[in-house]
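Taking it in order: structure first as structure tokens, then the write-up.
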Amino acid sequence: GQLTILGGSLRIGKEDVSISLSLEAEFHFTHLIMKFRTFRPAAMLVERSFDFGKTWSTYRYFAENCPASFPNVPTSNNLTDVFCESTYSQVFPVTGGEVILRIITPKNQTQPRDELVPEDLRNLMKMTNLRINFTKLHTLGDDLLDKREEIQEKYYYAVYEMNVRGACWCNGHADSCVPLDDSIRNVNDMVHGRCDCRHNTTGLNCQFCKDTHNDLPWKPAIGRLLNACKKCNCNNHAERCNFSKEVYQESGHISGSVCIDCQHNTTGNTCEQCKPLFYHDPNKDLSHPYTCLPCNCNTDGTVDEGLCDPPIHPQYEGVCHCKQNVW
């Protein structure tokens, strides 16, 4: 990820400062821990984006005096709500103080590994960017007594440690994540952004089925229910397919394949038909590469430009649409 400090820098006497963390993919954020050399901020807020910085929403407000710093922001402690808390904004300790934001706590953590995180909590955890906005310094009232610049410069933010914890999110279809860029060196405790997908899924977060496995609608894995993507139903005449909701519903929720680029002179959603001017050999299985044979009808003696019907007897060829008095 990329770390950016906005507001010039962590300058002495500067109140409005932002620290921004831009990540390479979607992660599931669990908690933030910041440690300070000086006073913790008298007021601050933490924001997140899950669309790579296009839009932002607030995770949490922190203030010594919530009503004064953030009017109309509730002080509820429901983790799925946006609220203000004062626990981490007091003057003491003067040094070594922490600010902690937890999304996952012992109360709402799903302990079994194969449990699916509740949807409201999962949406709250989604993150591609994190932004910490410091908005007010602790000045102990000196700024009210003396407006000189040297007095203002006695106070500043001094972050000496920041831990952002989370996990790559793979919808249950991967056990590990790998770097987006193969040249990135391995760093201890670093969480990478590309899932090492299984169950015939693909995408940064295993959020799609592979082109070769689009017979069923994509679903996340839930516990022991893998919901693996199913190979395209193309009768061995095509590798890739698109999933069609309409076809899936018409099949009674059995198959939704619409095959791409049918080979061996076949056509149809599942390459189950022969192209015009070809007929199905009744002696061969539908999946055989030579299941469709040419009609070989003389176009001068036929109607329908040489089309034919399947043979009446397995030993015969396709039945041409002959003109009257021609056979």
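The values are calculated or read from the model by the stated rules, or taken from the named source; none is laboratory data. Please read all numbers here as calculations on a predicted model, not as lab measurements. In this analysis, Cβ positions are derived from the backbone assuming ideal geometry, glycine residues included, and neighbour counts consider all displayed protein chains.
State whether one or more residues within the range 57-66 are closer than 17 Å to residue 135 by Cβ, of a type in the set (A, V, I, L, M) and assigned to a loop (DSSP other than H, G, I, E, B).
Checked against the condition, which is being closer than 17 Å to residue 135 by Cβ, of a type in the set (A, V, I, L, M) and assigned to a loop (DSSP other than H, G, I, E, B), the range 57-66 yields no hits at all.
Conditions tested, residue by residue: (1) within 27 Å of residue 181 (Cα to Cα); (2) β-branched (Val, Ile, Thr).
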| position | (1), (2) |
| --- | --- |
| 212 | yes, yes |
| 221 | yes, no |
| 237 | no, no |
| 241 | no, no |
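Being surrounded by fewer than 17 Cβ atoms within 10 Å (Cβ to Cβ) and either under 30 Å from residue 228 (Cα atoms) or modelled with pLDDT under 75 (or both) is true for just one of 95, 128, 80, 105. Which residue is that? Let's see the steps before the verdict.
Working: 95 fails: either under 30 Å from residue 228 (Cα atoms) or modelled with pLDDT under 75 (or both); 128 fails: surrounded by fewer than 17 Cβ atoms within 10 Å (Cβ to Cβ); 80 fails: either under 30 Å from residue 228 (Cα atoms) or modelled with pLDDT under 75 (or both).
That would be 105, the only listed residue that is surrounded by fewer than 17 Cβ atoms within 10 Å (Cβ to Cβ) and either under 30 Å from residue 228 (Cα atoms) or modelled with pLDDT under 75 (or both).
Output the residue which, of all residues in the range 268-278 that are surrounded by fewer than 18 Cβ atoms within 10 Å (Cβ to Cβ) and modelled with pLDDT of 95 or more, is farthest from residue 290 (Cα to Cα). If you could, list the steps in order and put the result at the bottom.
Within the range 268-278, the first condition is being surrounded by fewer than 18 Cβ atoms within 10 Å (Cβ to Cβ), and the residues that meet it are 268, 273, 275-276.
Remaining after also requiring modelled with pLDDT of 95 or more: 268, 273, 275.
Numbers: 268: 16, 273: 12, 275: 13 Å.
Applying the filter and picking the extreme gives 268.
So is residue 265 modelled with pLDDT of 95 or more, farther than 21 Å from residue 320 by Cα and surrounded by 14 or more Cβ atoms within 10 Å (Cβ to Cβ) or not? Please lay out each step first, then the result.
Values: modelled with pLDDT of 95 or more: yes; farther than 21 Å from residue 320 by Cα: no; surrounded by 14 or more Cβ atoms within 10 Å (Cβ to Cβ): yes.
It is false that residue 265 is modelled with pLDDT of 95 or more, farther than 21 Å from residue 320 by Cα and surrounded by 14 or more Cβ atoms within 10 Å (Cβ to Cβ).
Quick one: which residue in 250, 239 is surrounded by fewer than 21 Cβ atoms within 10 Å (Cβ to Cβ) and under 27 Å from the mean Cα position of the chain (by Cα)? Even if it seems obvious, please write down each step before you answer.
Values: 250 fails: under 27 Å from the mean Cα position of the chain (by Cα).
Being surrounded by fewer than 21 Cβ atoms within 10 Å (Cβ to Cβ) and under 27 Å from the mean Cα position of the chain (by Cα) holds for just one of 250, 239, which is 239.
Hey, could you check the range 253-262 for residues that are surrounded by 15 or more Cβ atoms within 10 Å (Cβ to Cβ) and not small (Gly, Ala, Ser) and say which is farthest from the chain's Cα centre (by Cα)? Full working, then the answer.
Here is the first cut: in the range 253-262, the ones surrounded by 15 or more Cβ atoms within 10 Å (Cβ to Cβ) are 255-260, 262.
Checking the rest, the ones that are also not small (Gly, Ala, Ser) come to 258-260, 262.
Details: 258: 25, 259: 26, 260: 26, 262: 31 Å.
Filtering the range 253-262 for residues that are surrounded by 15 or more Cβ atoms within 10 Å (Cβ to Cβ) and not small (Gly, Ala, Ser), the one farthest from the chain's Cα centre (by Cα) comes out as 262.
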